[in-house]
Amino acid sequence: MKISLLISLFSLLAACQPSVPSSAPWRLVVRPADEACAYVAASGDTVIPFGRYSRCATERFDRLALVVKPGVGWVGINRQEQVLFKAFIFDSGPDYPAEGVMRIVGPTGLLGYADTATGRVVLPPRYGAALPFANGRAQVGRRCRSQTDGEHSWWNCAEWTYINHQGQPVPAASQ
């Protein structure tokens, strides 16, 4: 009788324990032998298995992770593994976030910006060139050609302007 009462009590206590919310961050695990990556839930369950993506850049996967999708390249995905955007490549990897956004590439090669917390595209790809945001604005170009000297590349654009986070033109900063 005492044993069954204890089992019932432990079962009741276990049922009353707060469960780990499904929105708890997933963590990145990299296998040292081959550098394959996976994502693991707080419970320890593997939610994205090793080998699905050849590289992963997001340590803590809340709503957005940057991964290399085979045949596509660096992309931003959500927890359902839907591709949200293709990342702009800078220094051999996905663009560095600046002021909560990062540069992305559209299907025609034009550039825009996505929110780094949610993966939502905040400024659709419509620029021939785009620099990172700094002090609330970014320089963007239209009618651009990419040029290179073999080691470095840059954009030569017919028109450069500054925009704010809403995509509206803003004046150049005073020197």
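Read-outs: derived from the displayed coordinates by stated rules, not from any lab. As the structure is a computational prediction, the values presented were derived from the model and not from experiment. Positions of Cβ are backbone-derived with ideal geometry, glycine not excepted, and every protein chain shown enters the neighbour counts.
Some notes on this structure:
- Three-way shape label, the stretch 24-170, alpha-carbon gyration tensor, a/c 1.5: prolate
- Per residue, the average separation of C-alpha pairs within less than 8 Å and at least 6 apart gives the stretch 24-170 a relative contact order of 11 percent.
- Taking the C-alpha atoms only, the angle from helix 2-16 to the longest principal axis of the chain is near 20 degrees.
- Taken about its Cα centre, the chain carries a charge dipole of about 420 debye when Lys and Arg each add +1 at the Cβ and Asp and Glu each add -1 at the Cβ.
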